[in-house]
Each structure stands twice: as structure tokens, then as C-alpha cells.
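Report on the structure given below.
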Amino acid sequence: MSLPPSPRPLRGPRRRSLLASAAGAALLAGCTGGSGSGESGADPSAVERARARAARDSEDLAARYAAVIAAHPGLAERLGPLRDDVVRHAEAFGGVRASSPAASGTASAASPSVSARAAGPADDSGAVPADEKGALALLAGAERKLADRRGRALLDVPGEVARLLASVAAAGAAHVFLLTEG
């Protein structure tokens, strides 16, 4: 007996692939050993650069979310919790503490660093797409690129930072799913 065809083509990662990616990343991160940036064999300055880049990347992504929410207030309820996650990711990497604008749906409550970035380009063209579907696709693409980059970066850092990168990359992959399938 075959299943009826899906009403629309499925795109993006499937639940199984998200779980497998998260498990694989956690295993890779767990194999690096140790628990901190001062581990033997690790260049402390390289670890700090990786943390700083990860924090900046999360701050930039939070600004993209804020820009989309500002352009499409109807998406605030859906995107607010995802943006809040991204802000927490920036904080976990040592980024600027930013309060959540999810309740108001604007970037005004964010820290100066994050709100200034929200005014900047949301993509290479400098604009948030006018339609909600395009805006969600913009965010999903940004989340996907960042999760992929973090997945590669975790191989170059030790223990705790690798585990944090793996966890945040898995969260990013889950965000892609929620943005494309949710």
C-alpha cells in the first residue's frame, strides 16, 4: 500500500536528518575532549576568535530577524521565539547582552549593537523581501548557511566551544525546519 502524494513538495531538512545532524555534531564535539578554551593543543587566541565570530554571526542573524519582524509585523509571534534563541546564542558565545524585542515586534529594545545592525542590510541586496514567504526564505537561508559554517568550524576548536557550536548549529537547523515547514 502506498501513501498518498504530499499536497506540496517537501523542502529542507527532514526531522530525521535534523536529529541525525544534531547527534553527529554532538558526537564529533564530544570526541574533542577537555572542557574549555584553555585545553592542551588549542591556540587560545584561535578559540577566542572563533567565539567572537560566532557571537557576531548570531548578533547579525538576530538583526535580520528584527528587520523581518519590523517589515512584517504579522510574523512577530512566529519569529519572536526564534530571534530570542539567536540572541541567547550570541550571549552564550560572549556577545552583547540584548533584551528581546519579540513582545513589541521591533528592534527598539535590543542593545545598541544589535539594533544598529537591524537597520543595516538584511541580505546582499540590502532589503527585506516585501512578501512574507520571501522574508521567511531569507531567514531560512541565513540560518542554513550559518549552521553549515558552524558545523565546519567545530572541527577546529576544542571541547566546550565545539560542543557549543554543535548545539547552536543543531538549533539553527531546527530553525530552518520551522521557517520552511512551520
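The values are calculated or read from the model by the stated rules, or taken from the named source; none is laboratory data. This structure is a prediction, so every number in the text was calculated from the model and none was measured. Cβ: placed from backbone, ideal geometry, glycine included. Neighbour counts: every protein chain shown.
For R83, indicate whether it is at pLDDT 95 or above, within 29 Å of E48 (Cβ to Cβ) and among the basic types (K, R). Here the answer is yes, as R83 does meet what is asked.
Okay, residues lined up against (1) farther than 17 Å from F93 by Cα; (2) touching a helix residue (DSSP H, G or I) at 6+ places or on another chain (Cβ under 8 Å):
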{"site": "A140", "(1), (2)": "yes, yes"}
{"site": "K145", "(1), (2)": "yes, no"}
{"site": "A166", "(1), (2)": "no, yes"}
{"site": "H175", "(1), (2)": "yes, yes"}
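Consider region 137-147 and keep the residues that are of a type in the set (A, V, I, L, M, F, W, C) and within 20 Å of I69 (Cα to Cα). The one that is surrounded by the fewest Cβ atoms within 10 Å (Cβ to Cβ) is A137. Scanning region 148-163 for residues that are surrounded by fewer than 22 Cβ atoms within 10 Å (Cβ to Cβ) and within 12 Å of the chain's Cα centre (by Cα), which turns out farthest from H72 (Cα to Cα)? This residue is G151.
Count of region 116-136 residues, restricted to those that are modelled with pLDDT of 80 or more and surrounded by 16 or more Cβ atoms within 10 Å (Cβ to Cβ), is 4.
Okay, residues lined up against (1) closer than 12 Å to V168 by Cβ; (2) over 11 Å from the mean Cα position of the chain (by Cα); (3) at pLDDT below 95:
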site: D60; (1), (2), (3): no, no, no
site: Y65; (1), (2), (3): no, no, no
site: G74; (1), (2), (3): no, yes, no
site: L79; (1), (2), (3): no, yes, no
site: G94; (1), (2), (3): no, yes, yes
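Scanning region 140-168 for residues that are aliphatic (A, V, I, L, M), more than 15 Å from L82 (Cβ to Cβ) and part of a helix (DSSP H, G or I) gives A153, L154, L155, V161, A162, L164, L165, A166.
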